[in-house]
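What follows is a single structure, written as structure tokens, with notes after it.
Read-outs throughout are calculated quantities, based only on the coordinates presented, and are distinct from any laboratory measurement. Being a predicted model, the structure only gives us computed values, none of them experimental. Cβ placement follows ideal geometry from the backbone for every residue including glycine, while neighbour counts extend to all protein chains displayed.
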Amino acid sequence: MDERRPYFAYGSNLNAADLRAWSSSNGANFSSMEPICTAWLLDHSMAFHYFSRNRGGGAADVVQNGRGTAVPGVLFSLSDEGWSWMDKKEGSPRYYQRQVVFVITAAGDVVEAITYTVSPDMRRDELVPPTPAYAETVETGLRNYKLPIEHLKFAIQNKANKPWISHVFVYGTLMNHGQRWAQLEPWSSGPVRGGSVMGRLYDLGAYPGLRPDDQGVVHGELHRCDDLAGALGELDMIEGHNAFDPSEGLYIRAPVLVRTASDSVWAWTYIINAIPDHASVVPDGRWTS
């Protein structure tokens, strides 16, 4: 049943104050709604193509499109009563409908979740701008969970189908002068910058694997890719990323925050799906083989 899956929120429901206000007005009970962790919906964009009478303007939706787009959000647990109230709040199934999605958690795990998307009959072909108050509500919710807001800005500017992440972080054989550098080189558009992410690096034999870990650091390279969709198409094949069911792939493509000498940049990287028994930790987080 849907109720056994967590709920993936990406819009106004990230804003606790806004949710409390709706609950108070409607006698709703969301006391069972507890955040689990942040997560990402891959190859989807936020879009504003639905007019909400309650909001007086556009309300957020997520739509599947090309490689390289991503929507951040939060996974929540909900009781049966909580799901019933959420259906009412989202106007399901007339205005929004439940949809099963795979999301990638900040820990690098693939989770099957339920989110709400605008029902096809309610979508318009043109941009339906949100009110400043609604946009601020969504932005505040994202910031409260330390999530980026660039995808929200892109959606408001009607650039939803364009990836807001334009970099790739590599840490193994794809690095400059590495064994497979020739396969990344044509897609690397700018000066190569050094960077690091929070994680643990594992020696898998001929190549390494990264797993997110806030107690470790993995060093690598940051590459800007002007043709990001093309670059990810090539890299997805190389790394064995399964776009239809990421849990079945050798590696999982996921956004990570890369720290450089001058700034922090969101980038795509590839996380090993499962750590083999023979793997060993690379203590300094640097791949040199």
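Between the Cα long axis of helix 80-90 and the first principal axis of the chain there is an angle of about 80°, rounded to the nearest 10. For PHE51 and GLN157, a Förster radius of 22 Å and the Cβ-Cβ distance give a FRET efficiency of 0.75, rounded to the nearest 0.05. Couplings 3J(HN,Hα) of the range 97-107, computed from phi: 10, 5, 9, 7, 9, 9, 10, 10, 7, 4, 7 Hz, in residue order, whole Hz [Karplus 6.51 cos²θ - 1.76 cosθ + 1.60, θ = phi - 60°; x for Gly and Pro].
Taking a ≥ b ≥ c as the square roots of the eigenvalues of the alpha carbon gyration tensor, the range 2-156 is rounded, as a/c is under 1.5. Taking Cα centre as origin and charging only the Cβ of basic (Lys, Arg, +1) and acidic (Asp, Glu, -1) residues, the dipole magnitude of the range 2-156 rounds to 260 debye. Counting beta carbons within 10 Å around each of ASP43, ASP125 and listing the fewest first gives the order ASP125, ASP43.
In terms of other Cβ atoms within 10 Å, THR117, THR260 run from fewest to most in the order THR260, THR117.
Give the aspartates and glutamates whose C-alpha is closer than 14 Å to that of LYS162, dropping any in the same chain fewer than 8 places away, or say none. Filter leaves ASP43, GLU150, ASP226, ASP227.
Using the average count of surrounding beta-carbon atoms within 10 Å as a protection proxy, the listed peptides 82-94, 23-35 rank, highest first, as 82-94, 23-35. When each of the peptides 270-279, 229-238 is scored by how many other beta carbons lie within 10 Å of its residues on average, the order from highest to lowest is 229-238, 270-279.
Principal-axis analysis of the Cα atoms of the chain puts helix 16-26 at an angle of about 20° to the longest axis. Given R0 = 51 Å, the distance between the Cβ atoms of GLU81 and SER280 translates into a calculated FRET efficiency of 0.60.
Comparing VAL74, VAL101, VAL118 in a Gaussian network model of the chain, where Cα atoms under 10 Å apart are tied by springs, the biggest mean-square fluctuation is seen for VAL101.
Lys/Arg Cβ at +1, Asp/Glu Cβ at -1, dipole of the range 2-156 taken about the Cα centre: which of CYS37, GLY82, THR140 is farthest positive-ward? After comparing all options, I get THR140. Based on the Cβ-Cβ distance of LEU127 and ALA21, what FRET efficiency does E = 1/(1 + (r/R0)^6) give at R0 = 22 Å, to the nearest 0.05? For R0 = 22 Å, the calculated efficiency reads 0.25. Look at the alpha carbon pairs under 8 Å that are at least 6 residues apart: their mean separation over the length of the chain gives a relative contact order of 18 percent.
The residues CYS225, CYS37, when put in order of fewest to most other Cβ atoms within 10 Å, stand as CYS37, CYS225.
What's the angle, to the nearest 10 degrees (0 to 90), between helix 228-239's Cα axis and the longest principal axis of the chain? Helix 228-239 sits roughly 60 degrees off the main axis of the chain. The packing ranking of peptides 170-177, 245-252, highest mean first, is 170-177, 245-252, where packing means the average number of other beta carbon atoms within 10 angstrom of each residue. A value for P(r) over Cα pairs in 10 Å bins from 0, in percent was derived from the coordinates, and within the list [x] 7, 32, 39, 19, 2, 0; [y] 6, 25, 29, 23, 12, 4, 1, 0; [z] 6, 28, 33, 20, 10, 2, 0 it appears as [z].
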